[in-house]
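First up is the structure itself, then whatever we jot down about it.
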């Protein structure tokens with residue numbers, strides 16, 4: 001007997017809320033995320049297994065990392081320049 005493939009529903013608002021919380025810089029625990037969303041921890045783990053959820057989670061993580069780098073690029077550049085100058089003053 002052939003088993004019919006199950007059709008998954010598209011990601012809902014609760015899925016996207018979970019993705020936002022998983023990408024949060026404060027890194028709440030899975031238990032805390034589930035509590036905030038009103039779902040069980042196991043449901044959150046099931047969400048994380050979905051390929052479409054993983055794809056969106058990765059995309060959101062990349063988007064937030066790019067945004068962070070854009071916002072902080074100048075600070076990082078100044079810090080790196082300051083560290084280089086400090087190194088040469090101290091050791092050269």
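Read-outs throughout are calculated quantities, based only on the coordinates presented, and are distinct from any laboratory measurement. Computed from a predicted structure; not experimentally measured. We place every Cβ from the backbone using ideal geometry, glycine too, and count neighbours over all the protein chains shown.
Side notes on the structure shown:
- C-alpha long axis of helix 13-22 to longest principal axis of the chain, angle in °: 30 degrees
- Projected label points at residue 68 and residue 90, each 7 Å from Cα along the beta carbon direction, are separated by 2.5 nanometres.
- Choice from 22, 37, 57 showing the highest fluctuation, given a GNM over the chain with Cα pairs closer than 10 Å: 37
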